[in-house]
Structures are given as structure tokens and as C-alpha cells.
Amino acid sequence: MFPNSSNLGRPPFPPKYQQQNTFFTKLPLNIPPSLLSHQQVIVPPFHFRTAVGNIEATPAVTPVVTLQPMTYGSVSPVSTSDALTSFQGRKRHSQQSVPDDAKRQRIHSHDSDTTVVNQAVPLPEERRRSFPAPISIPSPVLHAHGSPALIGCVPPLQDTLFPDPTETSLPVATDELSQQVLELFQACRQQASDLDRKELCRTELQREIQLIFPQSRLFLVGSSLNGFGTRTSDGDLCLVVKEEPVNQKTEARRILSLVQKLFSTKLSSYIERPQLIRAKVPIVKFRDKVRQVNVDFDLNVNNVIGIRNTFLLRTYAFMENRVRPLVLVVKKWASFREINDASRGTLNSYSLVLMVLHYLQTLPEPILPSLQKNYPECFDPTMQLHLVHQAPRTIPPYISTNGSSLGDLLIGFFKYYATEFDWSHQMISVREAKAIARPDGIEWRNKFICVEEPFDGTNTARAVHEKQKFDMIRVEFAQ
């Protein structure tokens with residue numbers, strides 16, 4: 001699966017035609033893969049550590065970096081009057097016309113004459129993991145137009161809610177394959193200092209964006225916060241500007257055009273290459289050239305489903321210490337085998353994470369439960385955003401009786417999707433913790449892979465719509 005190597009400093013992956021895939025070369029030839037137990041598999045002599053190459057050959061222990069808050073600017077070049085009035089009272093016309101819009105969410109139940117503006121966060125002393133504590137100041141601008149205040153949308157998060165990734169325990173590796181999985185995980189996983197830099201960037205950008213949209217909140221979401229990030233993971237940001245859903249085709253693009261203008265003018269000394277990508281869910285792509293090196297940021301508007309997913313996945317990530325290493329290795333494998341790029345008709349990283357979680361839920365002795373079925377009150381899709389982060393606090397520890405090693409689980413993951421899962425009739429569902437029948441809706445037709453989004457029920461693998469790409473993915477699982 002990965003080429004052999006004896007250290008983490010070798011060059012990046014060689015071309016495919018130079019590789020020899022020996023992952024299953026020692027399987028008994030007279031036994032079909034579906035009948036092999038985990039204990040029957042003999043670990044072949046290959047090394048995961050070469051998946052790191054020169055790209056992420058960074059020691060697992062990173063020196064502590066003292067970061068000083070930096071103010072990007074103090075004056076906004078953008079007029080807000082037209083933008084604010086244009087957003088008032090506009091609603092999406094149909095669920096079908098804007099499929100990626102989140103359902104109507106209640107962020108706060110009443111209007112207010114104040115808004116919350118975040119203070120700078122001293123890092124790493126306070127070890128904040130997402131959002132600093134709020135203070136209140138008068139905000140007559142949005143209130144004058146009737147938009148509700150987003151009080152409490154950005155709560156302070158404590159270390160007890162989000163464990164420090166560098167301090168959480170790892171499983172014990174008793175075989176060579178499991179040891180290689182752990183080595184790759186420790187070399188590639190996101191470090192606390194990486195997250196601190198992204199958080200400091202988020203804090204300062206929120207300060208500047210609030211000069212345009214005083215009641216907005218900027219959330220750090222995605223792999224940077226959900227526990228499945230690597231040292232080169234992009235920073236995903238979600239800008240929440242109002243209580244109601246935002247039309248991604250009109251309002252979101254207008255909001256992001258103002259943000260992009262802010263980045264390219266007053267913040268040009270700190271933000272480089274801000275680009276407005278006019279996709280179905282538009283984003284502003286940019287880089288913070290003060291704190292981040294070669295890490296891109298993607299900023300979207302009002303994608304509250306992304307916020308909810310971040311906390312759901314983080315709960316799964318730290319529920320069992322085998323989850324994060326297994327997910328990271330699968331993501332690196334998929335990237336190495338060139339099946340992890342939705343823009344090219346293959347799987348995105350989010351779908352891969354859900355596929356791993358689903359597999360761990362469907363084992364004869366499950367390693368993970370269905371959080372949404374067992375604790376519906378903690379993952380209510382209508383829950384106010386300022387309460388979403390409290391879910392991990394209320395869920396008791398989950399103890400699995402499954403003692404499989406990381407190597408056993410990795411081989412079982414490939415076997416499950418290569419020989420057991422019925423791609424033609426089944427859908428991958430983390431919400432139900434089982435494979436369920438594929439719906440007959442328009443979104444699911446002519447799609448070769450169906451992975452249910454846990455909150456809005458859409459297909460996260462809809463990019464795989466060509467049979468050639470689907471066959472390529474299945475071949476990689478089988479090999």
C-alpha cells in the first residue's frame with residue numbers, strides 16, 4: 001500500500017507505476033477475503049512511515065511557541081449600509097434551489113441591543129481551543145434594521161471539553177502494522193502549536209470582520225478542530241452573520257465580496273491571495289502569511305451544519321483512542337492512492353472520516369455507538385449554536401469490548417468496503433450506526449457512493465458520479 005522505507009525523511013511518494021502494492025500479498029490464496037478473520041491475516045513487510053515523506057516529516061513533539069496577538073488593522077474600507085439593508089428580510093425560496101443551505105436555526109430566542117465582540121486571546125497560556133470569552137458593547141447598526149443579536153454564539157471553551165491532542169493517550173501497539181500506524185499518526189497529526197496559530201488568526205480576523213458586520217461570529221471548524229487534522233490541514237472558518245439561513249447564491253457571495261475586499265486592502269500586509277470562489281457554497285480562500293506557512297484558509301458564510309459536524313466528529317474522535325490514528329492513516333492512504341479529491345470526482349476527506357466511523361460502528365463488537373441515537377438531546381439539529389459545544393460534557397465514557405489492534409482494524413476497514421458493503425443498494429449512515437437502504441430521491445440517483453450527512457441527510461460523496469472513478473476507488477480498497 002505504501003512503499004517501503006526505513007525512515008521518515010525519504011522523498012515523497014514515487015509515481016504509481018514505480019510502486020509495488022504488497023498489502024495483501026501474503027493472504028492465503030485459497031480463502032476469499034470475505035472469509036478471513038483479522039487473526040488470519042499475516043502482516044506484510046511494508047512501512048507506513050514513508051507516507052510522510054518530506055511533506056510532513058516533523059517530529060511529534062513540537063516546541064512551545066509563544067504567540068503575541070497582532071491587530072491587523074483598525075479601519076474598514078467597506079461601506080456597510082448597502083450590505084446591511086440588502087440582507088434584511090431575505091429568505092431562501094426552496095430547499096431544492098439551495099441544497100447546501102442549513103435549515104433554519106435558532107441562535108438566540110430574543111433580540112437585544114448589545115452584541116458580543118471577542119477580546120484577544122493570550123496563547124498558549126489559556127490553551128483556548130476555539131473561541132475566547134465575550135464582552136458586550138452597544139451595537140445599534142444591525143439592531144436598527146431589525147436583525148437579531150447573536151448573543152452567546154461564541155462561548156468560552158475549557159480544556160475539559162476539548163482535550164489537548166498532545167496529551168491524550170494512544171493505544172498500545174503489539175504488532176508491526178499497528179506500530180507503523182501509530183508512527184505515521186504521531187508524525188503527521190496536527191500539533192497544539194498549529195491549532196494555536198489558527199485560533200489566533202481566527203480571533204484577529206473576527207475583530208476586523210466585526211467592523212463590517214458588528215454582530216457576526218467567526219468559527220473555526222472542520223479538521224482543524226474536530227480532532228482529525230494534520231500538520232498541513234487547511235483552516236476552515238465559518239462566518240455567522242445572522243440568525244436566519246443565508247442564500248448562498250446571492251447573500252453569501254455579497255457578504256464574502258465585502259470580506260475579500262477587506263482582506264485585499266486594509267489587511268493586505270497580513271493576508272495574501274484572498275480569492276472569492278463562486279461555487280455552490282462560495283468561499284474566500286486566503287493565507288495568513290504572519291503565522292501560517294503554506295496553510296490555506298477557507299471562509300464560508302452561515303454554514304451552521306459545518307459547526308455542528310465539527311463538535312459531533314470531535315466527540316467521536318476522543319471517545320476511543322483508536323479512532324484518530326485509524327482515520328488519519330486512511331486519509332493519508334486515500335491521498336497517496338489519489339482517491340481523495342472531490343474536484344476530480346473522488347472522495348472528499350469528510351466522506352472518508354464518516355466511512356471510518358461507520359465501519360467502527362458496524363463491527364460485531366462496535367467500537368463506537370451512534371451519538372445521535374443515544375444522545376439526541378446533545379446533537380439536536382435545531383440546538384442554539386452557543387450550546388452546541390456543551391455536548392461532550394454531558395456524554396459519559398463509552399467502553400467497547402472490542403480489543404482489535406489498529407492493524408486488525410485497518411485491514412478490516414479495507415475488507416469491509418472491498419467485499420462486504422453493498423454499494424448498489426446501501427448508504428453509509430453514521431447517524432444510524434448501520435448501513436441503510438439508499439433513498440430514492442434525486443440527489444441519490446446516478447451516484448455510485450452514498451454517504452449520509454449526519455445532520456441534513458445530504459450525500460457527502462455526491463462528487464463520485466462517474467463509474468470509472470467509482471471502479472478506481474473500489475480497486476484501491478481491494479488491493
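The values are calculated or read from the model by the stated rules, or taken from the named source; none is laboratory data. Worth saying up front: this structure is predicted, and the values here are computed from it rather than measured. All Cβ positions, glycine included, derive from the backbone under ideal geometry; neighbour counts span all protein chains shown. Ligands, DNA and RNA are excluded from the accessible area calculation, which covers all protein heavy atoms including side chains. Shrake-Rupley method; radii C 1.70, N 1.55, O 1.52, S 1.80 Å.
So here's what we get for this one:
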| item | result |
| --- | --- |
| Charge sum, other residues only, whose C-beta stays under 13 Å from Thr174's C-beta, Lys/Arg counted +1 and Asp/Glu -1 | -2 |
| Estimated inter-spin distance, Ile436 and Gln384, nm [label 7 Å along Cα→Cβ] | 2.9 |
| Accessible area in square angstrom per residue, region 176-478, 1.4 angstrom probe | 34 |
| Charged-residue dipole, Cβ positions (Lys, Arg, Asp, Glu), region 196-344 about Cα centre, Debye nearest 20 | 240 |
| Contact order normalised by residue count of region 176-478, Cα under 8 Å, 6+ apart, percent | 16 |
| Of Leu218, Gln390, Pro366, farthest towards positive along the dipole that unit charges on Lys, Arg, Asp, Glu beta carbons give region 176-478 | Leu218 |
| Protection proxy ranking of 457-464, 210-217 - average other beta-carbon atoms within 10 Å, highest first | 210-217, 457-464 |
| Members of Lys242/Lys331; Lys280/Lys467; Lys285/Lys434; Lys198/Lys467; Lys280/Lys332; Lys289/Lys469 lying beyond 32 Å, as alpha-carbon distances in this model show | Lys242/Lys331; Lys285/Lys434; Lys198/Lys467; Lys289/Lys469 |
| Nonlocal amide H pairs with Arg438, under 5 Å, H built at 1.01 Å | Gln426, Met427 |
| Mean projection area, nm², convex hull over Cα of region 176-478 | 15.7 |
| Environment charge at Cys378 (Cβ cut-off 12 Å; Lys +1, Arg +1, Asp -1, Glu -1) | +1 |
| Total formal charge among the other residues, if their Cβ is under 13 angstrom from that of Gly412, Lys/Arg +1 and Asp/Glu -1 | -1 |
| Relative packing of peptides 470-477, 411-418 - highest average C-beta neighbours within 10 Å first | 411-418, 470-477 |
| Charged-residue dipole, Cβ positions (Lys, Arg, Asp, Glu), region 176-478 about Cα centre, Debye nearest 20 | 900 |
| Relative contact order, percent, region 305-408 [alpha-carbon distance under 8 Å, six or more residues apart] | 31 |
| Chain lengthening between Ser424 and Arg254 when straightened (0.36 nm per residue, less Cα-Cα) | 57.2 nm |
